[in-house]
Amino acid sequence: MLSHVDFIGLLFIVWGLLTTLVGLSTLALGFGAVALIVSNAQGGGGQMASVFTAFAFAALAVIAMLWGIAHVVVGMPLRRRRPWARLAALALGSIDLVLLPYGTALGIYALWVLLNEHGKRLFAVHG
């Protein structure tokens with residue numbers, strides 16, 4: 001089970017980095033929408049749609065980057081078997097279930113490994 005936990009941590013890190021990259025590319029699209037706003041400022045039409053598009057891309061970019069960073073922040077201590085990282089990974093993995101198809105697979109695998117009795121024992125606090 002130890003190798004499964006290490007692999008989950010690695011998958012969380014990779015998933016987080018890829019999600020952050022998607023967020024950065026979405027932010028670039030938001031900057032493109034801002035460029036449309038600036039270029040249409042003299043021409044008139046379509047400015048409201050450009051503002052909405054810029055706002056939507058910016059909001060989605062921030063959400064994706066925060067989601068990705070959260071996975072990286074949890075993935076590293078998960079590999080070191082920190083008890084709080086297990087709980088955070090369970091929370092993130094539960095939400096990942098709705099992110100078809102890769103998030104669903106990651107969520108199912110994380111829940112299976114981290115809720116398994118052998119997996120729980122790896123994170124037990126001995127004091």
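Full extension of the chain segment joining V72 with L87 gains 3.9 nm, where the gain is 0.36 nm per residue of separation less the Cα-Cα distance. Nonpolar atom fraction for the chain, defined as the carbon and sulfur part of the 1.4 Å probe accessible area, stands at 76 percent. Largest GNM mean-square fluctuation among W67, W15, W112, using the chain with Cα springs under 10 Å: W112. Does the range 1-71 come out rounded, prolate or oblate, given a ≥ b ≥ c as the square roots of the eigenvalues of its C-alpha gyration tensor, rounded meaning a/c under 1.5 and, failing that, prolate meaning a/b above b/c? Cα axes put the range 1-71 in the prolate bin. Remark on L99: its backbone amide H falls under 5 Å from those of T104, a criterion applied only to residues 5 or more positions apart or on other chains, H modelled at 1.01 Å from N.
With each label modelled as a point 7 angstrom along the Cα→C-beta vector, the R79-F55 pair spans 4.1 nm.
If you take the Cα centroid of the range 1-39 and the Cα centroid of the range 64-87, the two points sit 15 Å apart. Using the 1.4 Å probe convention, the accessible area of the range 1-76 works out to 57 Å² per residue with neighbouring protein chains retained.
Hull volume per residue, based on the alpha-carbon atoms of the chain and their convex hull, is 93 Å³.
For the range 57-127, compute Rh as the Kirkwood radius over C-alpha pairs and then the Stokes-Einstein diffusion coefficient at 4 °C and 1.567 mPa s; write the answer in µm²/s, rounded to an integer.
On the way: Rh = 12.8 Å.
Using the Kirkwood radius from Cα pairs, D works out to 101 µm²/s.
Tell me, what is the FRET efficiency for K120 and I63 to the nearest 0.05, using R0 = 30 angstrom and their Cβ-Cβ distance as r? Working shown, then result.
Numbers: r = 31 Å, r/R0 = 1.03.
Using R0 = 30 Å, I get an efficiency of 0.45.
The values are calculated or read from the model by the stated rules, or taken from the named source; none is laboratory data. Predicted model only: the values in this text are computed from it and were never measured. Every residue, glycine as well, gets a Cβ built from its backbone with ideal geometry; the counts of neighbours run over all protein chains shown. The protein model used for the area step is the full one, side chains on, heavy atoms only, and it has no ligands, DNA or RNA in it. Shrake-Rupley method; radii C 1.70, N 1.55, O 1.52, S 1.80 Å.
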